[in-house]
Amino acid sequence: NAGVTQTPKFRILKIGQSMTLQCAQDMNHNYMYWYRQDPGMGLKLIYYSVGAGITDKGEVPNGYNVSRSTTEDFPLRLELAAPSQTSVYFCASSYSEGSGEQYFGPGTRLTVT
Amino acid sequence: AQKVTQAQTEISVVEKEDVTLDCVYETRDTTYYLFWYKQPPSGELVFLIRRNSFDEQNEISGRYSWNFQKSTSSFNFTITASQVVDSAVYFCALSEAKDDKIIFGKGTRLHILP
């Protein structure tokens, strides 16, 4: 049972480049989330999904896009990377809505220069 | 709107001392859930506990205990006889029953000194 997996673990992007952060879970969770964690800060919700085909914006969605074509996968797309997007990105999943604890992936450390 | 405040940005204690991490929350909902997560230096996020708003009973798990008080909107976390391995950032979080999201506090960085 792998839980929540994220790839890549590290990435350096140049300003203006694009990339997709991959997230997959094998727990058959309907709810999935993307957060960013800036140095010394808490977690900020970027996007979330309550099931395949359904996504919604969180607190800081600008500059990102998501899709949820399957229950297992929830990729995060960065278009036109900017230095302000330098952060650690965490994907999480949950078996229910807000009442359930979230299971987190190991994170992707992204640097935009 | 829901909000979680962890006023202690950073705490340092000597090993074997007890330490309490404060968490104050705001919500208009009568049904909500509170969480604590641990983020050790390795960076992963580890779930510690979930509490629903109807259960104010304190909980103890080994050296960890949680004090939930609705009257003061607080959900404090105490580590007894702290150990160096407890050094981490601890996040308190809140979710309202009608919502699909969890709101995290900014975290408290805990240093346990040998």
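FYI, it's all coordinate maths here, none of it is from the lab. Here the structure is a predicted model, which is why all the values come from computation and not from measurement. FYI the Cβ positions are ideal-geometry reconstructions off the backbone, even for glycines, and counts take in every protein chain you see.
Report the net charge of residues surrounding residue B:37, where surrounding means a beta-carbon distance below 12 angstrom and charges are Lys +1, Arg +1, Asp -1, Glu -1.
Details: positive: B:38, B:50; negative: A:101, B:44.
Result for the local shell: 0.
If I build a Gaussian network model for chain A, linking alpha-carbon pairs within less than 10 angstrom, which residue out of A:45, A:80, A:21 has the largest mean-square fluctuation?
Answer for the Gaussian network model of chain A: A:80.
So, counting K/R as plus one and D/E as minus one, what does the shell of residues with Cβ under 12 Å around residue B:10 add up to?
Values: positive: B:106, B:109; negative: none.
Around residue B:10, the charge tally is +2.
On a C-alpha basis, how far is the centre of region B:21-39 from the centre of region A:1-63 in Å? Whole number, if you could?
Measuring centre to centre over Cα atoms gives 22 Å.
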